[in-house]
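Bear in mind that the values in this text are calculations on the coordinates, not laboratory data. Everything numeric here is computed off the predicted structure, so don't read it as measured data. Ideal geometry is used to build each Cβ from the backbone, glycine not excepted, and the neighbour counts take in all protein chains shown.
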Amino acid sequence: MSETAMNKLAVVTGASKGIGKACALELARRGYDIAVNYRSDEDSAARTVAEIEALGQKAVAYRADTADIGAVKQMFRSIVKEMGTPDVLVNNAGIVDDAYLLLINEQSLDRSLNVNIKGYINCAQQAALKMYSRKKGVIINISSVSSVLAVAGQTVYSATKGAVNSMTSVMAKELAPKGIRVNAVAPGFIDTEMMKSIPDDLKTQYLAEIPLSRFGDAAEVGKVVAALCSEDFAYLTGQTLILDGGLSL
Ligand code: NAP
């Protein structure tokens, strides 16, 4: 297929559910085909693919642990072969495993660092390599309000999301000459499976601290991410946009 005849293509990591799925669906509504990355939940990934296809776009599910550079390289090779060169990467696949400082165990620490930091770098590197040749592309890194807000029990998670903000500005500087923009979106509390790990009494407490008096919806994150990918934001790079209903104010 000639390049001009092809749809725009977005790779969304962790798109089997939650924020990643919402980003994938919103980008599909805006005309993108979607490479749907996931780690373990094949059924949910297949549902995401079906919902994208129902919007009239092409979608293929790719199972890969983003923390595993070999698996990520293989995934991007397959994506280019089967779907084309990515125009957009949404680096979203992330985990949370909260523990107070004195209770953090090494295995959990390593896993969080590997998925939330190494995984983002692995995918950005492979996407940028493919985008280089066309001298254009957009990378959106999903951070968290926890990168700027101290929440007890989140030493590890906050550190990984602070790293996402930092890597976003450095990647943006390095990749700008290649026509690739890099920004981060840092959501506050968004009602997804990830939030199920928060005890109800804590949720009530957090809710009282949000000026807009509600948790966010994944679709709202998807809309902001898709907007940042558009030409309307062609002059924006290296920034972290906090999307938290005012929680961090
Ligand atoms: P979620 O509902 O738990 O979904 C996580 C997704 O990431 C799933 O699709 C999962 O795939 C995938 N995933 C996890 N580890 C992976 C890995 N190593 N390789 C590939 N895929 C992997 O989470 P979410 O709430 O949508 O969060 C998505 C992102 O938003 C994360 O980076 C999170 O830190 C950030 N965030 C969330 C909130 C919130 O309140 N929910 C707030 C701020 C930031 P499988 O299910 O197939 O394993």
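Worth pointing out:
- Radius of gyration (Cα atoms) of region 174-249, expressed as a multiple of 2.2 N^0.38 Å: 1.33.
- Cα centroid separation, region 165-232 to region 66-86: 24 Å.
- Per-residue Cβ neighbour rank within 10 angstrom, fewest leading, THR13, THR204: THR204, THR13
- For a straight C-alpha distance cut-off of 25 angstrom, the lysines reachable from LYS203 (same-chain residues fewer than eight places away being disregarded) are LYS17, LYS21, LYS161, LYS223.
- Cβ-based exposure ranking for PHE76, PHE233, in which fewest neighbours within 10 Å come first: PHE233, PHE76
- The trypsin sites (Lys or Arg not before Pro) found in region 97-170 that occupy coil by DSSP, while having at most 15 further C-beta atoms within 10 Å, are ARG134, LYS135, LYS136.
- Taking the Cα atoms of region 124-237, the ratio Rg/Rh between the radius of gyration and the Kirkwood radius comes to 1.04.
- Between the beta carbons of PHE233 and SER166, assuming R0 = 25 Å, the FRET efficiency works out to 0.75 to the nearest 0.05.
- Annotation for SER133 and LYS203: the two label points, set 7 Å from Cα along the Cα-Cβ direction, are 4.7 nm apart.
- Modelled label positions at ALA176 and GLU53, each set 7 Å beyond Cα in the direction of Cβ, lie 4.3 nm from each other.
- Rg and Dmax over the alpha-carbon atoms of the chain stand at 17.3, 57 Å.
- Extension gain, SER108 to ASP217, is 36.5 nm, computed as 0.36 nm per intervening residue step minus the present C-alpha separation.
- Ascending count of other beta-carbon atoms within 10 Å, so fewest first, for LEU149, LEU103, LEU207, LEU247: LEU103, LEU207, LEU149, LEU247
- Cα gyration tensor, region 1-94 - rounded (a/c under 1.5), prolate or oblate: oblate
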